[in-house]
Amino acid sequence: MRVNDSPNHFMVLDAIGRGMTTADKISTVTELDKTEVELVLNDLAVQRLVNRKEKRGFLRSKIESMINETGNALLNSKKRELEQKTKDIKQAYDNGNTAQFQSFMRADRVWMPFL
């Protein structure tokens, strides 16, 4: 899956960028199922946007994810893009341009949780 088309990928990437390193913590913060988070984490690792390493504890081991430079650059770029879209949507709403506002809302509906 292409990361630019998936809000879940960016939600997980953002959570990692804010210090959540395990699938349990990411799942709690993003309110996504743990299995979905694990699938997204694997996809992000394959695309080399996060680095994963195993930490061994006394009784069990856990896998931690850290955002890398490429993932951070992509996340910041997408945040800027979404901020601009938010400004455009707000401007269309404030100007009373309902056709343009509805067009923005339909086109960007899947990104609303991230906005």
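Mind checking which pairs have a first residue in segment 68-79 that is among the hydrophobic types (A, V, I, L, M, F, W, C) and a second that is surrounded by 15 or more Cβ atoms within 10 Å (Cβ to Cβ), Cβ under 6 Å, 6 or more apart or different chains?
L75/L13; L75/G17
Answer yes or no as to whether E81 is among the acidic types (D, E) and in a strand (DSSP E or B). Can you show your working first?
Numbers: among the acidic types (D, E): yes; in a strand (DSSP E or B): no.
So E81 fails the test.
Would you point out the residue of segment 73-100, among those that are open to solvent by 50 Å² or more (accessible area, probe 1.4 Å) and β-branched (V, I, T), that is farthest from N8 (Cα to Cα)?
This residue is T98.
I want to confirm something. Restricting to segment 8-20 and keeping residues that are open to solvent by 20 Å² or more (accessible area, probe 1.4 Å) and either part of a helix (DSSP H, G or I) or β-branched (V, I, T) (or both), which single residue is farthest from L82 (Cα to Cα)?
Looking only at segment 8-20, we keep the residues that are open to solvent by 20 Å² or more (accessible area, probe 1.4 Å), and these are 8, 11, 14, 17-20.
In the following step, the residues that additionally are either part of a helix (DSSP H, G or I) or β-branched (V, I, T) (or both) were identified as 8, 11, 14, 17.
Numbers: N8: 14, M11: 13, D14: 13, G17: 17 Å.
For segment 8-20, the residue satisfying everything is G17.
Can you pull out the residues in segment 40-71 that are assigned to a helix (DSSP H, G or I) and either closer than 29 Å to M105 by Cβ or out of contact with any Leu (no Cβ under 9 Å at 6 or more places or on another chain) (or both)? Talk me through it step by step, then tell me what you get.
Applying the first criterion (assigned to a helix (DSSP H, G or I)) to segment 40-71 yields 40-46, 69-71.
Hits for segment 40-71 are V40, L41, N42, D43, L44, A45, V46, E69, G71.
Out of the residues in segment 53-72 that are within 18 Å of S27 (Cβ to Cβ) and of a type in the set (A, V, I, L, M, F, W, C), state the one that is least open to solvent (accessible area, probe 1.4 Å).
The qualifying residue least open to solvent (accessible area, probe 1.4 Å) is I67.
For segment 33-52, name all the residues that are open to solvent by 20 Å² or more (accessible area, probe 1.4 Å) and in contact with a helix residue (DSSP H, G or I) (Cβ under 6 Å, 6 or more places away or on another chain). If you could, list the steps in order and put the result at the bottom.
Going through segment 33-52, the residues open to solvent by 20 Å² or more (accessible area, probe 1.4 Å) turn out to be 33-36, 38-39, 42-43, 45-48, 51-52.
Scanning segment 33-52 gives K34, E38, R52.
The values are calculated or read from the model by the stated rules, or taken from the named source; none is laboratory data. Since the structure is predicted, the reported quantities are computational estimates derived from the model, not experimental observations. Every residue, glycine as well, gets a Cβ built from its backbone with ideal geometry; the counts of neighbours run over all protein chains shown. Quick note on the areas: whole protein, heavy atoms, side chains included, nothing else; ligands and nucleic acids left out. Shrake-Rupley method; radii C 1.70, N 1.55, O 1.52, S 1.80 Å.
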